[in-house]
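The values are calculated or read from the model by the stated rules, or taken from the named source; none is laboratory data. Quantities reported herein were computed from a predicted structural model and do not represent experimental measurements. Here the Cβ positions follow ideal geometry from the backbone for every residue, glycine too, while neighbour counts run over all protein chains shown. Side chains are part of the model used for accessible areas, which takes the heavy atoms of the whole protein and leaves out ligands, DNA and RNA. Shrake-Rupley method; radii C 1.70, N 1.55, O 1.52, S 1.80 Å.
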Amino acid sequence: MKKAVVSGIVVVLVVLGIGMSYMLSRGGIRTEEEQKSYEEKEKQVENLMKPGQEEEADDRSEAFSKALKEKAGLTVDSRNIVSTGSPITSGNYSFTVNSWSVSKESPGYALPEGKDATQGGRIQMDANGNITNEYSYVVVNLTVENKAEEPITDYLWGYMRMQAFDMGDFISEVDYLGEETPRKYGHDYSKESFEAGETKSYPVVFDMPDEILNNQEIYLEIDTSGGNPQPEDPEFAVKRFIILN
C-alpha cells in the first residue's frame, strides 16, 4: 500500500513538472523582472491607446480629420489632431508646436558633427547655408514634456515626420535639432533623455520640396509606438497630428 502511495505521488510530481515546464515555455509563469517588464509594456500600450485630447475636438480638428480621409485616405479620430499652440499627448509625452516657419535662408543653427547638410545631394546651397534649389527649410519650435513619474530615455526624434496630404515618394524626417552645442550625428542622434516631469524645447529642422509647400497644407505626424502596426479601428489609432497653421 505504501509503495502504491509513493508511486502515486511520483506520478503527480511528474505531471506537475511537465505542466510547469509547459507553462514556462508558453509564458504562463514569469519571473518578477519579466512580470514588471510585462506590466510596464501593458501600461505603455494603454497610454498610447488613449485619445490625444481629453476634451472634445474643436472645429479645426474635425475639419482636418475629414481632409485626411478625403485627401490622404487616413481615418483619424479628431481628438488625435490639434492646431499649432495646443498640446497633444501620446503615451508618456505631451507635444506642443509653439511656432513654425518656412524659409530658404539657413536656420542659423550649427550643424551636428558628421551631418550632411545637403541630404545626400538633393539640396543645393550657398556658402552661408541658404538653399538655392527647389527645397526649403521647415523649422518647428517644439516643446515636449515627459508626463511619466519616472525618467525616460527614448529615440524620440525618430518618431516624427513632416507630412502633407500627398507626399509622393518623399519622406521628411527630422534633419537636425537647433542646439547651442550640437550632439554628435549618428545612430543615437534621435535619442533623448527626460527626468520625471521634465520639459524640453527645441527648434526642429526639416526640409521639404517647394512643390509640396506651395500647394498643400503641411502637418507634423508623431508616432511614439516606435513604428509598430496600428489597429484598424481609428478610435485606437496611436498617431498624433499637429496642424501647422
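Assorted remarks:
- Criterion violated by Ala57 - all others in (1) open to solvent by 50 Å² or more (accessible area, probe 1.4 Å); (2) assigned to a loop (DSSP other than H, G, I, E, B); (3) without any contact (Cβ under 8 Å) to a residue 40 or more places away in the chain satisfied: (1)
Here is a yes/no grid of residues against (1) modelled with pLDDT under 95; (2) small (Gly, Ala, Ser); (3) open to solvent by 80 Å² or more (accessible area, probe 1.4 Å):
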{"position": "Glu46", "(1), (2), (3)": "yes, no, yes"}
{"position": "Ile81", "(1), (2), (3)": "no, no, no"}
{"position": "Phe95", "(1), (2), (3)": "no, no, no"}
{"position": "Trp100", "(1), (2), (3)": "no, no, yes"}
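- Considering (1) part of a strand (DSSP E or B); (2) in contact with a Phe, Trp or Tyr (Cβ under 8 Å, 6 or more places away or on another chain), the lone condition that Trp100 does not fulfil carries the number (2).
- Output for the stretch 195-226, where each listed residue is of a type outside the set (S, T, N, Q) and within 13 Å of Trp157 (Cα to Cα): Lys200, Tyr202, Pro203, Val204, Val205, Phe206, Leu220, Glu221, Ile222, Asp223, Gly226
- Condition check for Gln119 on (1) on the phi > 0 side of the Ramachandran plot; (2) touching a helix residue (DSSP H, G or I) at 6+ places or on another chain (Cβ under 6 Å); (3) not acidic (Asp, Glu): one failure, at (2).
- Each residue in the stretch 114-161 was checked for being within 22 Å of Glu180 (Cβ to Cβ) and surrounded by fewer than 11 Cβ atoms within 10 Å (Cβ to Cβ), and 3 pass.
- If only residues of the stretch 102-113 that are in contact (Cβ under 8 Å) with a residue 60 or more places away in the chain, of a type outside the set (Val, Ile, Thr) and in contact with a strand residue (DSSP E or B) (Cβ under 6 Å, 6 or more places away or on another chain) are counted, the one that is most open to solvent (accessible area, probe 1.4 Å) is Pro107.
- For the stretch 162-208, a residue qualifies if it is under 23 Å from Ala110 (Cα atoms), assigned to a strand (DSSP E or B) and either open to solvent by 50 Å² or more (accessible area, probe 1.4 Å) or among the small types (Gly, Ala, Ser) (or both), and the qualifying residues are Ser172, Glu173, Ser193, Thr199, Ser201.
- Condition met for Asn214 (open to solvent by 20 Å² or more (accessible area, probe 1.4 Å), modelled with pLDDT of 90 or more and not β-branched (Val, Ile, Thr)): yes
- In the stretch 72-97, the residues that are free of Cβ contacts under 8 Å to residues at least 24 places away in the same chain and not in a loop (DSSP other than H, G, I, E, B): Ser78
- Arg183 vs. criteria under 23 Å from Gly52 (Cα atoms), touching a residue at least 40 places away in the same chain (Cβ under 8 Å) and basic (Lys, Arg): no
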